[in-house]
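First the structure, in the form of structure tokens, and then the observations on it.
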Amino acid sequence: MSEYIWGRNPIMETLHSVRKVKRILLAEGSKREGGTLNTIIQEAQKRQIPVEMVPRTRLDQMSKGAVHQGCVAIVAEREYASTDDILALAAQRNEPPFLLLLDSIQDVNNLGSLLRTAEAAGVHGVIIPEHRAAEVNATVVKTSAGATEHIMIARETNLTRTIDYLKQQNIWVVGLAGEGDTLYTQANLTGPLAVVVGNEGKGMGRLVREHCDVLIKLPMHGYINSLNAAVAGSITLYEALRQRSLASR
């Protein structure tokens, strides 16, 4: 089964990943001299991937009206990793595990942003629920600027059971919640770590919250008492990166 990816940067990142690109469709009349589109064509030719010029209306239909930048790739169906795969990657790199768990993130733009930040911050892998959450679709790939093709993503049916398993592996599980007692800068985010970010509206589910080792919060000094899930998660991941970088020196 095939999937679609659109947008020039996401397609370029996919070409440089392990995911198989079957075919690339370009809008007729697209300007490609010296630009990203020309680079995509060159990369496709190196990999013997067929490139076809088609009417722009066909790309509009395939992307369901999204901004495709005159370029759509037909790719192999995504293969999800397992939690053990993520832990094995950390061991292979001789680094303490660094994971991001997302509890029922619904908005594809939030999911894409969090995956992009996670990849940039050196997270070994992201775990998302199999049900009642946004899927890693073409919009997520584009929002993440193609980061989805360079980071392990696992889907688990039961997030609380996964948290318990991580704790058995001596991984410290930190939940991001407005009612947390510890400021994010005061929490120890070094060592084996899993950061949990909750749903945009309700935050973490009760059981997920109860299974975390500690709940941390971001300081709020304005009229608004909460941040977008992707923003809050990104701030926390980079605080963890800062602490871990200092600890490794």
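The values are calculated or read from the model by the stated rules, or taken from the named source; none is laboratory data. These figures come from a predicted structure and were not determined experimentally. Reconstructed Cβ throughout: ideal geometry from the backbone, glycine too, with neighbour counts over all protein chains shown. Calculation scope for accessible area: heavy atoms of the full protein, side chains included, ligands and nucleic acids excluded. Shrake-Rupley method; radii C 1.70, N 1.55, O 1.52, S 1.80 Å.
May I ask you to list the residues in the range 33-59 that are open to solvent by 60 Å² or more (accessible area, probe 1.4 Å), without any contact (Cβ under 8 Å) to a residue 24 or more places away in the chain and not β-branched (Val, Ile, Thr)? Of everything in the range 33-59, those that are open to solvent by 60 Å² or more (accessible area, probe 1.4 Å), without any contact (Cβ under 8 Å) to a residue 24 or more places away in the chain and not β-branched (Val, Ile, Thr) turn out to be Glu33, Gly34, Gln42, Gln45, Lys46, Gln48. Among the residues making up the range 135-147, a single one is over 19 Å from Val21 (Cβ atoms) and open to solvent by less than 80 Å² (accessible area, probe 1.4 Å): Thr143. Evaluation of Thr117 against the conditions (1) in a helix (DSSP H, G or I); (2) out of contact with any helix residue (DSSP H, G or I) (no Cβ under 9 Å at 6 or more places or on another chain) shows that the sole unmet condition is (2). The set of residues in the range 165-181 being open to solvent by less than 60 Å² (accessible area, probe 1.4 Å) and modelled with pLDDT of 95 or more consists of Leu166, Ile171, Val173, Val174, Gly175, Leu176. Condition (residue is charged (D, E, K, R), touching a Pro at 6+ places or on another chain (Cβ under 8 Å) and either at pLDDT below 95 or at negative phi (or both)) applied to the range 66-79: is it met by at least one residue? No, there is no match, as no residue in the range 66-79 is charged (D, E, K, R), touching a Pro at 6+ places or on another chain (Cβ under 8 Å) and either at pLDDT below 95 or at negative phi (or both).
Looking at the structure I just gave you, is Ala81 within 16 Å of the chain's Cα centre (by Cα) and open to solvent by 10 Å² or more (accessible area, probe 1.4 Å)? When the stated conditions are applied, Ala81 passes them.
Can you say whether Ala90 is modelled with pLDDT under 95 and either more than 11 Å from the chain's Cα centre (by Cα) or among the aliphatic types (A, V, I, L, M) (or both), as far as the supplied structure shows? The answer is no for Ala90.
Residues of the range 238-249 that are open to solvent by less than 60 Å² (accessible area, probe 1.4 Å) and of a type outside the set (A, V, I, L, M, F, W, C): Glu239, Gln243, Arg244, Ser245.
Considering each residue of the range 220-237 in turn, at least one proves to be closer than 21 Å to Asp85 by Cβ and either in contact with an Asp or Glu (Cβ under 9 Å, 6 or more places away or on another chain) or surrounded by 13 or more Cβ atoms within 10 Å (Cβ to Cβ) (or both).
Could you list all residues from the range 190-219 that are open to solvent by 60 Å² or more (accessible area, probe 1.4 Å), within 21 Å of Arg132 (Cα to Cα) and modelled with pLDDT of 90 or more? Answer for the range 190-219, where residues must be open to solvent by 60 Å² or more (accessible area, probe 1.4 Å), within 21 Å of Arg132 (Cα to Cα) and modelled with pLDDT of 90 or more: Arg206, Leu207, Arg209, Glu210. When Arg116, Arg132, Arg161 are checked against the criterion of being surrounded by fewer than 18 Cβ atoms within 10 Å (Cβ to Cβ), charged (D, E, K, R) and modelled with pLDDT of 95 or more, Arg161 stands alone in meeting it.
Scanning the range 148-158 for residues that are open to solvent by 10 Å² or more (accessible area, probe 1.4 Å) and part of a helix (DSSP H, G or I) yields a single hit, Glu149.
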